[in-house]
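Undergrad: Dropping a structure here in C-alpha cells format, bear with me for questions.
The values are calculated or read from the model by the stated rules, or taken from the named source; none is laboratory data. Keep in mind that what you see is a predicted model, and the values were worked out from it rather than measured. FYI the Cβ positions are ideal-geometry reconstructions off the backbone, even for glycines, and counts take in every protein chain you see. For the accessible areas, the whole protein counts, side chains as well, though only heavy atoms, and no ligand, DNA or RNA atoms are used. Shrake-Rupley method; radii C 1.70, N 1.55, O 1.52, S 1.80 Å.
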Amino acid sequence: MLARAAADFYWMGRYFERGEHTARLLNYQLGRLVDTPADVLAHGWQVLYDALGYPSPVPLQDADNAEAYIIANAFALAAYLIEDTENPNAIIQSWTHARDNAKQLRPWLPVRVWTCLNDGFFWLRDCDFAEHWTQGPERLPAGVIDRFRLLSGIIESMMSRNHAWRFLELGRYVERLQLQTALLKAWSNPSNENSQMWTGLLRACAALEAYCRTYSMAIQPRHALAFLTSNPEIPHSLSFAIQRVQHLLSDIDPAGSRYPRKAPHRYSMRLAAAIEANSHASAAPEDTQNFLSAFGEDCHKLHHLIFAEYIDYSLEQGLPS
C-alpha cells in the first residue's frame with residue numbers, strides 16, 4: 001500500500017474516533033440539563049472541556065435565574081463542540097477531515113462505506129442546530145453517535161481485512177488510547193469524587209452494566225477508574241485499546257513483532273505493561289494523575305513511532321520486508 005493511502009486511512013480512523021468520542025461526552029452532559037443543580041452542571045462542563053483539551057469555560061456566576069443561565073450557556077458550549085468551524089476539533093470538522101481523506105481512497109473503499117460517510121457529512125452540515133436543540137438538547141449528539149456507529153458497522157461488515165482496514169482501525173485505537181487517557185485524567189481529579197460523575201462516565205463509555213456485574217450497584221471512583229483502565233473486555237478501556245493496537249501492528253508487519261522488535265511494537269508492549277502494573281484500585285490520587293500524565297505522553301510518542309516506521313519513512317528505507 002502506498003504510504004499516502006496508509007496515512008489517509010490512518011487519519012480517517014482517528015477522525016471517526018474523535019468525532020464519536022466528543023459526541024458521547026456531549027450526550028452525557030446534555031442529558032443532565034434537567035433536574036441537575038446549576039453549579040454541578042458548570043463543574044461538569046469544566047471537566048468535559050478539560051477532557052477534550054480545551055480551556056475551561058467561564059465558571060458559572062451567580063444569577064437570579066440560574067437554570068435559564070446554564071441552559072443558554074449549554075447551548076453555546078455544545079454548539080462550539082459540534083458545529084463551530086473555527087474549532088479545529090469540532091465534530092463537523094472531524095467529519096469533514098474524514099471525508100476529505102476518504103475522497104483520496106475511493107478505489108479502496110466499498111461504495112456503501114463512502115455513501116454512508118458522505119450522507120452523514122451532509123446531514124450534519126445542513127442540520128439546524130437550534131431546531132434540534134428545541135426537540136431535546138441531546139438529540140443531535142445522539143444522532144451523531146448513531147451515524148458513526150452505523151458507519152463502523154458497515155466498515156466492519158464490508159471491508160476486506162487488508163492493510164487498508166488495518167491502518168483505519170489502527171488510527172481509531174491509537175486515537176482512543178489518547179482520548180481515553182485524557183478523559184480518565186480529567187475525571188480522576190480529586191474534585192470529582194462524586195459517584196454520580198463516575199456513574200455518568202461509565203454510562204458514556206458503555207461500561208456501567210459490566211461494572212455493576214463485576215462490583216456492585218454502588219459506584220466507587222477508584223474501582224471505576226481501575227475498571228476503565230485495565231479491563232480487557234471493555235471496548236473503551238485502555239487495556240482493550242492497547243491490545244487492539246498490538247494485534248494490528250502484528251498484522252501490518254509480522255516481522256516487526258519478532259526479535260529484534262521494531263520501535264512501535266516495543267513501545268506498545270511498554271504501554272501494555274504500564275497498564276498491568278497500575279491496574280489496582282488502591283493508588284493514591286496524585287499517583288494516578290502522574291501515571292495518566294506519563295501514559296498520555298507515551299501514547300503520543302507511540303503515534304509518532306508508528307508514523308515514522310510505516311508511513312513517513314524515507315525512500316531509501318523502502319517498505320517493511
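Undergrad: Scan the range 250-270 and give yes if some residue there is open to solvent by 60 Å² or more (accessible area, probe 1.4 Å), more than 27 Å from Arg149 (Cβ to Cβ) and either of a type in the set (A, V, I, L, M) or touching an Asp or Glu at 6+ places or on another chain (Cβ under 6 Å) (or both), otherwise no. Full working, then the answer.
TA: So in the range 250-270, the residues open to solvent by 60 Å² or more (accessible area, probe 1.4 Å) come out as 251, 254, 258-261, 266, 269-270.
The next check asks that each one be more than 27 Å from Arg149 (Cβ to Cβ); those that pass are 254, 258-261, 266, 269-270.
From what's left, either of a type in the set (A, V, I, L, M) or touching an Asp or Glu at 6+ places or on another chain (Cβ under 6 Å) (or both): 269.
Yes, that holds for at least one residue.
Undergrad: So, one more: Among the residues of the range 32-58, what is the count of those that are over 16 Å from Trp187 (Cβ atoms), open to solvent by less than 50 Å² (accessible area, probe 1.4 Å) and of a type outside the set (A, V, I, L, M)?
TA: Qualifying residue count for the region: 2.
Undergrad: Residues of the range 181-200 being closer than 23 Å to Ala277 by Cα, in a helix (DSSP H, G or I) and touching a residue at least 60 places away in the same chain (Cβ under 8 Å), which ones? Let's see the steps before the verdict.
TA: To start, the set of residues in the range 181-200 that are closer than 23 Å to Ala277 by Cα comprises 181-190, 198.
Narrowing further to those that are in a helix (DSSP H, G or I): 181-187, 190, 198.
If the condition is that a residue be closer than 23 Å to Ala277 by Cα, in a helix (DSSP H, G or I) and touching a residue at least 60 places away in the same chain (Cβ under 8 Å), then Thr181, Ala182, Leu183, Leu184, Lys185, Ala186, Trp187, Pro190 are the ones that fit.
Undergrad: Right, something else. Answer yes or no as to whether Gly153 is free of Cβ contacts under 8 Å to residues at least 24 places away in the same chain and open to solvent by less than 30 Å² (accessible area, probe 1.4 Å). Lay out the reasoning, then the answer.
TA: On the way: free of Cβ contacts under 8 Å to residues at least 24 places away in the same chain: yes; open to solvent by less than 30 Å² (accessible area, probe 1.4 Å): no.
In short, no.
Undergrad: Same structure, new question: Is it the case that Thr214 is within 16 Å of the chain's Cα centre (by Cα) and among the β-branched types (Val, Ile, Thr)?
TA: It is false that Thr214 is within 16 Å of the chain's Cα centre (by Cα) and among the β-branched types (Val, Ile, Thr).
Undergrad: Here's a follow-up. How about the range 232-267: which of its residues are more than 19 Å from Arg14 (Cβ to Cβ), of a type in the set (Ser, Thr, Tyr) and in a helix (DSSP H, G or I)?
TA: So the first thing to find is which residues in the range 232-267 are more than 19 Å from Arg14 (Cβ to Cβ), and the list is 232-234, 239, 250, 253-263, 265-266.
When the remaining residues are screened for being of a type in the set (Ser, Thr, Tyr), the result is 239, 250, 257, 259.
Ser239, Ser250, Ser257, listed by residue number.
Undergrad: Now for a different question. Are any residues in the range 216-230 part of a loop (DSSP other than H, G, I, E, B) and open to solvent by less than 30 Å² (accessible area, probe 1.4 Å), and if so, which ones?
TA: Kept after step one, since they are part of a loop (DSSP other than H, G, I, E, B), are these residues of the range 216-230: 216-220.
Passing the criteria: only Ile219.
Undergrad: Kindly provide the set of residues from the range 89-117 that are surrounded by fewer than 15 Cβ atoms within 10 Å (Cβ to Cβ), in a helix (DSSP H, G or I) and not charged (D, E, K, R), ordered by number.
TA: Selection gives Val111, Thr115.
Undergrad: Go through the residues of the range 281-301 one by one and say whether even a single one is among the hydroxyl-bearing types (Ser, Thr, Tyr) and either assigned to a loop (DSSP other than H, G, I, E, B) or modelled with pLDDT of 95 or more (or both).
TA: Residues of the range 281-301 among the hydroxyl-bearing types (Ser, Thr, Tyr): 282, 288, 293.
Okay, now just the ones that are also either assigned to a loop (DSSP other than H, G, I, E, B) or modelled with pLDDT of 95 or more (or both), so 282.
Yes, because at least one residue in the range 281-301 is among the hydroxyl-bearing types (Ser, Thr, Tyr) and either assigned to a loop (DSSP other than H, G, I, E, B) or modelled with pLDDT of 95 or more (or both).
Undergrad: Search the range 1-52 for residues being acidic (Asp, Glu) and touching a residue at least 60 places away in the same chain (Cβ under 8 Å), and hand back the single one that is nearest to Asp312 (Cα to Cα).
TA: Filtering the range 1-52 for residues acidic (Asp, Glu) gives 8, 17, 20, 35, 39, 50.
Narrowing the set further to residues that are touching a residue at least 60 places away in the same chain (Cβ under 8 Å) leaves 8, 17, 20, 50.
Values: Asp8: 12, Glu17: 22, Glu20: 27, Asp50: 31 Å.
It comes out as Asp8.
Undergrad: Quickly run through the range 34-61 and pick out the residues that are of a type in the set (A, V, I, L, M, F, W, C) and modelled with pLDDT of 85 or more. Spell out the reasoning first.
TA: The initial filter retains those residues of the range 34-61 that are of a type in the set (A, V, I, L, M, F, W, C), namely 34, 38, 40-42, 45, 47-48, 51-52, 58, 60.
Matches in the range 34-61: Trp45, Val47, Leu48, Ala51, Leu52.
Undergrad: How do the pairs read when you match residues in the range 222-236 that are within 8 Å of Ala207 (Cβ to Cβ) with residues anywhere that are open to solvent by 30 Å² or more (accessible area, probe 1.4 Å) and modelled with pLDDT of 95 or more, using Cβ under 6 Å and keeping only pairs 6 or more apart or on different chains?
TA: Ile234/Phe240
Undergrad: Here is a check on your reading of the model: is Asn65 surrounded by 14 or more Cβ atoms within 10 Å (Cβ to Cβ) and at pLDDT below 95?
TA: Here the answer is no, as Asn65 does not meet what is asked.
Undergrad: A further question follows. Just checking, which of Arg213, Arg166 is more than 19 Å from Glu20 (Cβ to Cβ), at pLDDT below 95 and part of a helix (DSSP H, G or I)? Let's see the steps before the verdict.
TA: Numbers: Arg166 fails: at pLDDT below 95.
Every option except Arg213 fails the conditions.
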